[in-house]
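For reference, the structure discussed in these notes is given below.
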Amino acid sequence: MSITLNDATKRTARPAGFTLIELLAVMLIIGILMTLVVGVVKKVTENAAIKETQTHMTVMMTAIKEYQQVQQANGYPQLTSGNWVSRLAAETESREIINSLPNNVWSPDRPTEFRDSWNNKIAYSPTGGLGGTPGLTSGGPDGDTSTTDDNVRYNDE
């Protein structure tokens with residue numbers, strides 16, 4: 001007598017689960033998707049930090065212009081005449097403007113410098129902007145103002 005397996009028995013006799021190749025293919029696809037997501041999130045975060053720094057630099061430049069209006073003959077804060085941030089903070093009108101900046105950018109507890117979104121010091125040039133006007137430069141994520149690839153600049157336009 002011979003025993004034959006019917007179709008239902010044949011299906012249930014197969015081992016359940018995925019093959020190693022199927023698992024590796026799924027892991028590869030998940031890895032590629034995660035790489036794309038991480039790259040996009042990093043770029044979005046960097047762009048947000050750049051925009052935030054540019055916004056803060058606009059406020060700083062407004063304070064510099066206000067300082068220049070009050071000083072008239074003395075013009076923009078000079079690097080040779082003491083710390084330029086302290087000079088802005090000493091003028092009432094300019095201080096009111098820079099007081100609107102968040103504490104991580106400028107604070108009366110740290111009155112001698114402005115910081116960017118990466119916590120790097122912002123460089124100031126009294127004549128480094130367009131047409132010899134003041135300019136502000138952030139070193140960007142690497143903090144290096146000598147490399148221009150990721151610097152954030154504000155030139156008075």
**Message:** Cβ-Cβ under 9 Å, sequence separation 6+ or interchain: first residue in region 121-132 and surrounded by 13 or more Cβ atoms within 10 Å (Cβ to Cβ), partner among the acidic types (Asp, Glu). Which pairs?
**Reply:** 121/113; 122/113; 122/116; 129/156; 129/157
**Message:** If the requirement is being modelled with pLDDT of 85 or more and surrounded by fewer than 18 Cβ atoms within 10 Å (Cβ to Cβ), which of these qualifies: 99, 74, 83?
**Reply:** 99
**Complete:** Pairing a residue in region 28-47 that is free of Cβ contacts under 8 Å to residues at least 12 places away in the same chain and within 23 Å of residue 143 (Cβ to Cβ) with any residue that is surrounded by 10 or more Cβ atoms within 10 Å (Cβ to Cβ) and aliphatic (A, V, I, L, M), where Cβ atoms lie under 6 Å and the two sit 6 or more apart in sequence or on different chains, gives none
**Request:** Provide a single number: the residues in region 143-157 that are touching a strand residue (DSSP E or B) at 6+ places or on another chain (Cβ under 6 Å) and either within 14 Å of residue 64 (Cβ to Cβ) or part of a strand (DSSP E or B) (or both).
**Result:** 4
**Prompt:** How many residues does region 119-142 hold that are among the small types (Gly, Ala, Ser), part of a loop (DSSP other than H, G, I, E, B) and at pLDDT 85 or above?
**Reply:** 1
**Request:** Determine whether region 106-118 contains at least one residue that is β-branched (Val, Ile, Thr) and in contact with a Lys or Arg (Cβ under 9 Å, 6 or more places away or on another chain).
**Result:** no
**Prompt:** Of everything in region 72-118 that's without any contact (Cβ under 8 Å) to a residue 12 or more places away in the chain, of a type in the set (S, T, N, Q) and part of a helix (DSSP H, G or I), which residue is nearest to residue 141 (Cα to Cα)?
**Reply:** 92
**Lone unmet requirement of (1) touching a Pro at 6+ places or on another chain (Cβ under 8 Å); (2) surrounded by fewer than 17 Cβ atoms within 10 Å (Cβ to Cβ); (3) under 17 Å from residue 98 (Cβ atoms) for residue 150** = (3)
**Request:** Determine, yes or no, whether residue 157 is modelled with pLDDT under 80, exposed (fewer than 15 other Cβ atoms within 10 Å of the Cβ) and either within 14 Å of residue 62 (Cβ to Cβ) or touching a helix residue (DSSP H, G or I) at 6+ places or on another chain (Cβ under 6 Å) (or both).
**Result:** yes
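The values are calculated or read from the model by the stated rules, or taken from the named source; none is laboratory data. Keep in mind that what you see is a predicted model, and the values were worked out from it rather than measured. Note that each Cβ is placed from the backbone with ideal geometry, even for glycine, and that neighbours are counted across all protein chains shown.
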